[in-house]
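Participant: Below is a structure I'd like to ask you about.
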Amino acid sequence: MRRSVEHVAVRGADPHTARGAPTRLLAIVLSGVLIAVFALFFSVGRAGAAAPIKGSFQGNAYATYANAKAGPVATSLGRSAFIPCPCNGTGGRTLSNTVDSVKAPANGRVLSAGVTRSTVYARKGATSAAVHNSSKVAGVSLFKGLIRADAIKAVANTSANTKKITSNARGSRLVNLRIAGKPVKANVSPNSKVGLPGIGYVELKHVQKGGNGRQAGRISVDMLTVVVTRNNKFGLPVGARIVVAHAASGFSRTQPRANLGGQAYAAYAKTSSPLLANQVGRAAFVFVGCQGTGGKVKRNTVSGVGAGKILSLGAGDTTAYGRQLVSGGVAKTSAKVAGVNLLGGIIRADAITAAAQDTYRKGVRTSSTAGSRFANLRVLGLPLPVNVRPNTKISLPGIGYVVINQQIIPKPTSKARTQVNGLHVYVTTKNLLGIPVGTEIIVAHADTKAYRF
């Protein structure tokens, strides 16, 4: 065999090449071996990179809330600084929402607070998951000082590994809380009740857990809840409830087919004026969580919203609906507002309805704004049709402009929300009503989203 190789080599043209052939052949063989080893290494690496633990997150956080029975107060306190926790987590980032101040009513007799900040954080690893949601409210005063606290913080923690899911309220605290002049211990026991003279009672650190600890686990924390059981000088009806500092978190090993979401409210003011912001708030706020509403319609109402000549609304009614489907999911929201009077009568309407819907089915997302309409809408004294064209812009002399039937519809491949604003007023110039330049006022808002989890 060796002679045969030498013979073939000698017959070649270059003796130096002939002598190097065995070496070159060995190099080729070794290169092939190395390539195979590297390929095997990277293949093993990819196979060994375990996917994140299966499951979805739950929860949200907000600073204040009052139920519909609280009347006008509910408008100012409508889930201020609200932030939802995404089903698929935050990628290890902390998301936050901050409100500079909250007062209800405008003079703060029922409740006033300084800066409020809500946060959500959720991450997944190969064998574990964790979610931490919180809301902190500073400088709290209720009922003209009957309840005072330097700060109130709600924290909801849920963690999961491959065997169990646990939740706790660790980190929640009451800082220098005093009720009717009496101090309350910072480490008060969960679900403690304290009488509130002339009003009802306060429940402190209300903690509620759910899930079986194996397939699902969740926790809800309301640090201070006022329950009105008596007629009182503050005008709050019996049955009114006010919550300060709420956080909820959870984890389920079941992953939804679709990531849903949505919000609706009767009115909202984005402004540098704390007075206007508190008078309008996110009136009758309602939302769809990322797993939906279990196929049930959530509803919120407000009897009226007023901010002097700037804004006057009659009844407001909002709805939210979300359902997981066999091949996806659907989310719907709506906001209907009656008796609309804006900017000293420049804009009037008997009723305005905003509606949004997103459906994700078999890999395809579709959006709809069907149901959005107007009843007897007049701008600058001129009547407009029931089905005003989307994104109709009208100048408002001495104020700015208004966009009527404002619709923002994302591409089918987008994860953004489908949005509808019945009226969206932009204040661009100094005006006799004293509304700060840069203010935006929205009446009748609905938005939704639905896409693959």
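The values are calculated or read from the model by the stated rules, or taken from the named source; none is laboratory data. Here the structure is a predicted model, which is why all the values come from computation and not from measurement. All Cβ positions, glycine included, derive from the backbone under ideal geometry; neighbour counts span all protein chains shown. Only protein heavy atoms, including side chains, enter the accessible area calculation; ligands, DNA and RNA are left aside. Shrake-Rupley method; radii C 1.70, N 1.55, O 1.52, S 1.80 Å.
Participant: Of all residues in the stretch 257-281 being touching a Leu at 6+ places or on another chain (Cβ under 9 Å) and in a loop (DSSP other than H, G, I, E, B), which is farthest from Ala331 (Cα to Cα)?
Facilitator: Per the stated criteria, the residue is Gly281.
Participant: Right, next: Restricted to the stretch 239-279, and to residues that are under 18 Å from the mean Cα position of the chain (by Cα) and hydroxyl-bearing (Ser, Thr, Tyr), which residue is nearest to Ala70 (Cα to Cα)?
Facilitator: Tyr265
Participant: Return yes or no: is Thr158 of a type in the set (Ser, Thr, Tyr) and open to solvent by 50 Å² or more (accessible area, probe 1.4 Å)?
Facilitator: The answer is no for Thr158.
Participant: Which pairs do you get when a residue that is over 13 Å from Ala130 (Cα atoms) and acidic (Asp, Glu), found in the stretch 149-160, comes within reach of a residue that is at pLDDT 95 or above and open to solvent by 10 Å² or more (accessible area, probe 1.4 Å), reach meaning Cβ atoms under 9 angstrom, with the pair 6+ apart or on two chains?
Facilitator: Going by the 9 Å Cβ cut-off, the qualifying pairs are Asp150/Ala138; Asp150/Gly139; Asp150/Val175; Asp150/Asn176.
Participant: If you don't mind, another one. Which of the residues spanning the stretch 282-316 are part of a strand (DSSP E or B), of a type outside the set (Ser, Thr, Tyr) and open to solvent by 50 Å² or more (accessible area, probe 1.4 Å)?
Facilitator: Across the stretch 282-316, the qualifying residues are Lys298, Arg299, Lys309.
Participant: Still on this model: If we only count strands (runs of 3 or more DSSP E) wholly inside the stretch 100-142, which ones have 1 or more residues that are surrounded by fewer than 19 Cβ atoms within 10 Å (Cβ to Cβ) and in contact (Cβ under 8 Å) with a residue 60 or more places away in the chain?
Facilitator: Output list reads 128-142.
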